[in-house]
1. Can you give me the % of accessible surface on region 590-728 that is carbon or sulfur? Probe 1.4 Å, all protein chains present, nothing else counted.
2. Tally up the carbon and sulfur contribution to the accessible surface of region 344-490 as a whole percent, 1.4 Å probe, everything protein left in place.
3. Using packing as a proxy for protection, rank 679-691, 101-113 so that the peptide with the highest average count of other Cβ atoms within 10 Å comes first.
4. Taking only C-alpha pairs under 8 Å that are 6+ residues apart, what is the relative contact order of region 644-742 in percent?
5. Modelling each spin label as a point 7 Å along the Cα-to-Cβ direction, I'd like the F299/S446 distance in nm, to one decimal.
6. Please list, in order, the residues from region 557-586 whose amide nitrogen is less than 14 Å from a point placed 7 Å along the Cα→Cβ vector of F505.
7. Starting from the Cα of D378, step 7 Å along the direction of its Cβ; do the same at D480; then give the gap between the two resulting points in nm.
8. Considering only C-alpha atoms, what is the centroid distance from region 308-326 to region 407-471, in Å?
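The values are calculated or read from the model by the stated rules, or taken from the named source; none is laboratory data. Every value quoted in this text rests on a predicted model; they were computed, and no experiment measured them. So basically every Cβ, Gly included, is an ideal-geometry build from the backbone, and we count neighbours across all protein chains shown. With ligands, DNA and RNA removed, areas are computed over all heavy atoms of the protein, side chains included. Shrake-Rupley method; radii C 1.70, N 1.55, O 1.52, S 1.80 Å.
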Amino acid sequence: MIKTLSTRKHLQLAGASAIALSAACIAPTTAMAQDAAPTSATVETIIVTTTRREENIQDIANSVTAASGEALAPFTEGGADILSLGARIPSVYAESSNGRVAPRFYIRGLGNTDFDLAASQPVSVIMDNVVMENVILKSFPLFDVAQVEIARGPQGTLFGRNTTAGTIKFDSVRPSQETDGYVSVTAGSYGTMNLEAAMGGAVIEDVLSARLSLLSQHRDDWIDNGFTGEDNALGGHDEMAGRAQLFFTPNDSFDALLNVHARSLTGTSAVFRANILTPGSNSLNGNFVRDEVYYDSTFNNPQAYDNWGSSATLNFYIDSGLTLTSISAYESAEGYSLGDIDGGNLVTGPGFIPFPSETQDGIDTLEQFTQELRLASDDSQATSWQVGAYYFESEFDITTVGPNGGFPPSTTVRHGNTLWSAFGQVSHQVSDNLELSGGVRFTSDSKDLVGVVTSIPVAPVSASDEQLSWDLSAYYDLDDRQAVFARLARGFRGPSIQARDVAFFSQPSVADSETSTSFEVGYKSEPLDGRARFNATAFYYQVDDLQLSAVGGAGNLVQLVNADRGVGYGFEIDSEIFVTDNLFVTAGFSWNETELQDNDLEVGVCAQCTVLDPDADIDGFHEVDGNPFPQAPDYILSLTARYSIPAGNGGEWFAFTDWYYQGRTNLFLYESEEFYSDGNFEGGLRVGYAGELSGGQDYEIALFARNITDEENLVGGIDFNNNTGFVNEPRIVGASFRASLN
């Protein structure tokens, strides 16, 4: 891994360069190193773009995990969505109380539990180099993915915005001059159907190439409504998505990548279940029935969203070795979700429900425009650099309404956000073994809110701030297979405005900006002559004015608050090894300790649960100083293994299994005997045959099971008037077929 000037290879991020496929620490690959014996399997070189340049993942002074689209396929082939990344990667967790939209990501315990459609997140999701800021845009389905990269810790120096926790970056397979593609068909229980197809190749030789990618997903409704007597009333979904790309390379001085994508989703939002937790226990009780709910509404939690977008990435290659990159993008979305918040009915429950609640939230005419300009130096010298500017603008309406025009009354508010920033980064190869890097970004972030249709007067609200983000890092090669690094970084997340309570006769709330300072040290290695990879990182961070969402309590409020500070520390390990040439094992582990530090912060608590935090002033609000961050697992353990048996004509029989185990996870800001999970786990299994058709196309046929042990895991709760929660997806068993199209 020594990065001498003669052997160090940094490829500039350009449309013409392809991203290498890798399975990283999620699933196996069987690539052969050029200098290895033909019979000795070695871990594949992983190329990532975390630094806005293409680099070996082992050469980056940051904790990064990457996985190819092929590696993600086992997790999504049963109909799962982007949330399937949660607990599969060290220090990464994901959850949602909005069904298949509005995912909430957490890295090293830092995230945001706010379920409002205008919620700001400290984890930035980037798709094809475009920041997807709104929570609806973050849920775009995964198909024809080349690679996903997770960079932990503040990343604001080079990427977009709101990255105090880290980035999750998806890159689609790009068009090339070679004709290639695939088709994948999956059928499983509950009528689950998953169809993916992609095809690309040259349109004009050496000048223009194209790629078209399609996705169709379906699951039948499978949950009965026991109160209305309707069978198969909810639980299903239909999702269609597509992406078209053109890659234009008229000469050596210019290329352009054009991307148009769209998705349409209809189905069921999150399924809330009343009183499934007995006071004093976090175990699911007899009120929980996997395939039945007892809603007094015939709406049955519908959900529908449509969004589309486009982007243009232009690269100008200047004779002096400089590259000027422009990325222009537009995104649009609209839709709604309805939730039976009380999770049952007043007559039969289940359990005691003091009063009913059903609410629909919708987003209308969301428009997001982003523009980035970046100038990068040639990488062949000891010093390389990048400078650039970024502009972001969005506007959308959020409408909250009760069922049939009842309570809450219809309320519409309009959110606006304008952000601009300037950034720069430089790296210098001090010696054959030592590289130093540093970066800085200035950001100006402004948000505003106005009431469009409300039941009470709402004065316009605005909030803005300007801050510097920066990072410093050092990377040192111990030898050609071992390196150490250190990184110090400061992140910034602008102020947030929350207007969810306007529909309930309260004024909007505002949270001030939060800033984070993170320090990490790491070790990277490829021992056993390249048959294994072992990376480990230890970290500590402090977030000042930590933005939090206080939900529920006696006032049934949803308000933004700031804690004086929050701290987190721990370590994460990524590892993989070829035990034999036919057995490949990966293992990941993370330990995260988080703590809220604010002597004066107190929040409302649930009505029927056993609260563990004190109420010193006996005002009904409990102090949460010293509590862990909400939805922050204290540890995550993940494991995969793939065993293959060679067959004739280059084929193989294989078996692949994956598992994760999740430690204690507090669901809310306060602690209680009910609203936490501990020991959640899930496993999957695939067995099948991979071979080659007579025309040279690769194919694979497999049987699979997701959540193979049919675990019933509590993954979220509703802080309302009863012990309502929601759970993971049921076991899905099915068969899949995939073939390459060459």
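1. 54
2. It is 59 percent, rounded to a whole number.
3. So the peptides 679-691, 101-113, ranked by packing, come out 101-113, 679-691.
4. Once normalised by length, the contact order is 24 percent.
5. 3.7
6. Within reach of a label on F505: 557.
7. Going by the 7 Å Cα→Cβ label model, 2.8 nm.
8. Rounded to whole Å, the Cα centres lie 24 Å apart.
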